1. For region 251-271, how many residues meet the condition of being over 21 Å from A56 (Cβ atoms) and either part of a helix (DSSP H, G or I) or in the same structural domain as W292 (by TED's automatic domain parsing) (or both)?
2. Quick one: in region 69-99, of everything that is among the hydrophobic types (A, V, I, L, M, F, W, C) and without any contact (Cβ under 8 Å) to a residue 40 or more places away in the chain, which residue is surrounded by the fewest Cβ atoms within 10 Å (Cβ to Cβ)?
3. Limited to region 139-156, what total is found for residues that are in contact (Cβ under 8 Å) with a residue 40 or more places away in the chain and in contact with a helix residue (DSSP H, G or I) (Cβ under 6 Å, 6 or more places away or on another chain)?
4. List the number of the failed condition for L16; all other conditions in (1) of a type outside the set (D, E); (2) modelled with pLDDT of 95 or more; (3) in contact with a Gly (Cβ under 8 Å, 6 or more places away or on another chain); (4) at positive phi hold.
5. Restricting the search to region 17-42, which residues are among the hydroxyl-bearing types (S, T, Y) and either touching a Phe, Trp or Tyr at 6+ places or on another chain (Cβ under 7 Å) or outside any loop (DSSP other than H, G, I, E, B) (or both)?
6. I need the full set of residues from region 141-179 which are of a type outside the set (S, T, N, Q) and within 17 Å of the chain's Cα centre (by Cα), in order please.
7. Residues that are among the aliphatic types (A, V, I, L, M) and without any contact (Cβ under 8 Å) to a residue 24 or more places away in the chain: does region 237-251 have at least one?
Amino acid sequence: MSRSVRTRPEGSGQALSEAYDTALLDLDGVVYAGGSAIVHAVESLATAREGGMRLAYVTNNALRTPDVVAAHLTELGIPAEAGDVITSAQAVARLVAEQVPQGARVLVIGGEGLRVALRERGLVPVESADDDPVAVVQGYGGPELPWGRFAEASYAVARGLPWFASNTDLTIPSGRGIAPGNGAAVEVVRIATGAEPQVAGKPLPPMHRETILRTGAERPLVVGDRLDTDIEGAFNGEVDSLLVLTGVTDGARLLTAPPRHRPTYVDADLRGMLTGQPEVVGAGEGFRCGGWTATAGTGELELEGAGGALDGLRALCAAAWTAAGEGACELDGGKALARLGW
């Protein structure tokens, strides 16, 4: 399927919370960081909800159940119910259920979120490769997951059982720093068996399908902080996206984004849902947003003017993405970003 290559962030004359009926929100780096809500998140989400926008919280973390996630959000001042939460455990459970008989036994390598999701689909979680499973499903099990669980998965996969993974994020943020994620655990089984799992989580289509089925969204807006999961997931689902700069993506990474990682809109935080978005327009050989004009010079991106840093970043994105076309921009944006304080 061909898609037009995005060469600049888009503008919007409407507030995004009015232009779209459902926000599909990533959690860590967007709504909260560790145990605390990200600045402006609580009030921004409340305003969007009061204006009629549905809020759905979409996470690749398969460890926690939707009930637990909803309770955490509510404690942070963001009222949520289990039905507002969509996890990669739910997406992979649907994927498994479509390929094995009702009531089948499934070897689970992961946590309670995965077991609950499998039971929701009428499947029976088991703990050993010797419990006659018909499939293996692997999801994040937390830092205390015993090493022997990977051996159980390897025994079963080596026997030819179909293998599923909730997601393949190599890392996961924690209160102490960056820890190995489910993707790292999947690599252990891959190395032991040489097999390849079927993967459900962002950025792959099963996760987007699960989200749309559960929310009924007709005009969804994906809101995330990661280019390779949130924004690429929106690209694969052919829906619009808002990148917020409260998580892992910085200006330099955004400028070098290939087409599948280029968001529709860029803003500092979730307040960007409540406003229109400024237009980036062509200006001679460059691109203008607000008081800034960006051009692709010889070997580097150039920036002139003054104004808000976000406008300058949007203009730089247009110059970088246009110069890169279907690839990743190789021009040096360091000096231009430094002018904006990025």
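1. Result for region 251-271: 8.
2. A82
3. The total comes to 4.
4. Of everything listed in (1) of a type outside the set (D, E); (2) modelled with pLDDT of 95 or more; (3) in contact with a Gly (Cβ under 8 Å, 6 or more places away or on another chain); (4) at positive phi, L16 misses just condition (4).
5. The answer is S17, T22, Y32, S36.
6. If the condition is that a residue be of a type outside the set (S, T, N, Q) and within 17 Å of the chain's Cα centre (by Cα), then A165, D169, L170, I172, P173, I178 are the ones that fit.
7. No, the conditions are met nowhere in region 237-251.
Let's see how each residue does on (1) out of contact with any helix residue (DSSP H, G or I) (no Cβ under 8 Å at 6 or more places or on another chain); (2) among the aromatic types (F, W, Y); (3) surrounded by 14 or more Cβ atoms within 10 Å (Cβ to Cβ):
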residue	(1), (2), (3)
T7	no, no, yes
A19	yes, no, yes
D28	yes, no, yes
G34	yes, no, no
I38	no, no, yes
E43	yes, no, yes
T47	no, no, yes
E50	yes, no, no
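The values are calculated or read from the model by the stated rules, or taken from the named source; none is laboratory data. What you see is a predicted model; the values in this text were computed from it and never measured. Cβ coordinates were reconstructed from backbone atoms using ideal geometry, including for glycine residues, and neighbour counts include every protein chain displayed.
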